[in-house]
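FYI, it's all coordinate maths here, none of it is from the lab. Everything quoted here is computed from the prediction, not taken from an experiment. We place every Cβ from the backbone using ideal geometry, glycine too, and count neighbours over all the protein chains shown.
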Amino acid sequence: MVPRVFRVMSRSAGSTPVRQAMGLVVVFAVVNLVTLGFAYLSLRSSAEEAMRSNLVQLMAGFDAAASPGAAEVMVTAAAEAADPAHRVFAYIAPDGRVTGNADARLTADGVEIRPMPEGRPLGRDGYLPLIDRKAGGVLIIGESLTPIRELGRTFLGLLALSLVPTVLISLGLGAALAARARARVERIEQALGRLSEGALDTRIPAEPGRADDLARIGARINRMAEAQEAATEALKQVSADIAHDLKTPLQRMTVLLHDLREGLAPGGREAGLADRALAEAEGAVAVFQGLLRIAQIEGGGTRPPSVPVDLNALVASMAELYGPDAEEAGRALTLDLAPATLAVPGDKGLIGQALANLIENALRHTPDGTAISLRTAVDGGRPVIEIADRGHGIPEEEREKVLRRLYRLERSRTTPGHGLGLALVAATARLHGAELDLLDNAPGLKVRMAFPAGRDRGA
């Protein structure tokens, strides 16, 4: 139990509630130590004072001794009645002879008390001595320090019984509170991570009955996410509306430009201008068609049918279709298919368009002689399609951005394209519940689309 508490506390050491709890435990422990320390010192001082008063009274009882002989008689009587483990009496006569229940020697530091030969044992904790001159000699009465030592041991026991359980209980409660706070903070961090990755429908679970700072932060993050999701959806709708409204006029303009081009003599300046205008118009139409297609997929207007799509056959047909283009462009297109047929329910046209976009990107953004591979496999029960090349690749910090609509790398702005190909691939992957990853192919780029496991497959 205790090691588990410390493990929880160590994992949550950076948490503010944990630091506050640890601070309170330390403050309580210090206050407890100081309080018990002052109480111990006060009681010890009182006990020592009482012992000294008792020694003074005992010493006063020997004032009647008028000669060394009388003093020896009185000390012998007192010594026989006392246990030297608790109290000692020793009289050093003028001739150096020692009488009593203990042997005593005066030293520069005071007195040294030792057991008498063949006498009873002395106490192990030492003595508080009182020394006075009586009848020409020196009388020494010592009170055992055992009560003082027992008082110290008693306070140590009190300290252990009061401080240790309290600290352990406080640490246990602190660990429990820290674990709960840590779990709540992790939920907030995970939600923020998903929001930063573009999953704007992510929400932090509500906590009914809670009104602390974490609950308020979670509620504000949810409101922020809702506002951002609404703004993003509105922007998508606006872009889709604009694309829809301009698609027909642009198509009509393209038809008119075709008619104009057919009426011009070939090779003339006017014909060249018409060709350029026609190319620009067709490019604009392609952009709006791509935007509308993505909006249709993301808006729920498209649902993948339940008809199985043979991924091996689809990838093989795409390789056959783009093989001549790759050869003409000086690229080496290779094919590696899984041994078994891979079938996933979905939209064959959308998956094929996504593959076409990925192959065209690889052909467009790699230098001559670059190897491009198409591969299907099963990874952890999941059907996988991979398109890999040995080109320049995409920097890691840009890989999430290139999946946005109309986003293009700086070095790609001089090449054909509109920045919608990978956005359409990402929308198609989401529609089919597939996981899309842009990976480093060292060098180059590897695009991996892993479909969900548990789908029906062909034999």
Item to complete: Would you please give the FRET efficiency between L192 and L439, computed as 1/(1 + (r/R0)^6) with r the Cβ-Cβ distance and R0 = 22 Å, to the nearest 0.05?
Response: 0.35
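Quick check: residue separation of V56 and Q353 times 0.36 nm, minus the Cα distance between them. What number comes out in nm? Could the numbers behind the result be given before it?
Details: separation 297, 0.36 × 297 = 106.92 nm, distance 10.94 nm.
Going from the current span to full extension adds 96.0 nm.
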Worksheet entry | Nitroxide proxy distance, nm - points 7 Å out along Cα→Cβ at L159 and E327 | 9.0
Worksheet item: Which of the listed residues, L445, A319, A429, is farthest toward the dipole's positive end in the stretch 308-450, when Lys, Arg count +1 and Asp, Glu count -1 at the beta-carbon?
Response: A429
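On a full-extension model of 0.36 nm per residue, what is the gain between A230 and V27, subtracting their alpha-carbon distance, rounded to one decimal in nm?
68.1 nm
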Practice prompt. Name the long-range amide H neighbours of M116: under 5 Å, sequence gap of 5 or more, or other chain; modelled H, no Pro or chain starts.
Written response: D103
Practice prompt. In nm, give the distance between the simple-model label positions of A199 and E360, each being 7 Å from the Cα along the Cα-to-Cβ direction.
Written response: 3.1
Fill in: Selection from N54, V164, G23 lying farthest towards where the dipole of the stretch 1-196 points positive, charges on Cβ
G23
Discussion item. I need the calculated FRET efficiency for the pair E400 and R210, taking r as the beta carbon distance and R₀ as 45 Å, to the nearest 0.05.
Written reply: 0.85
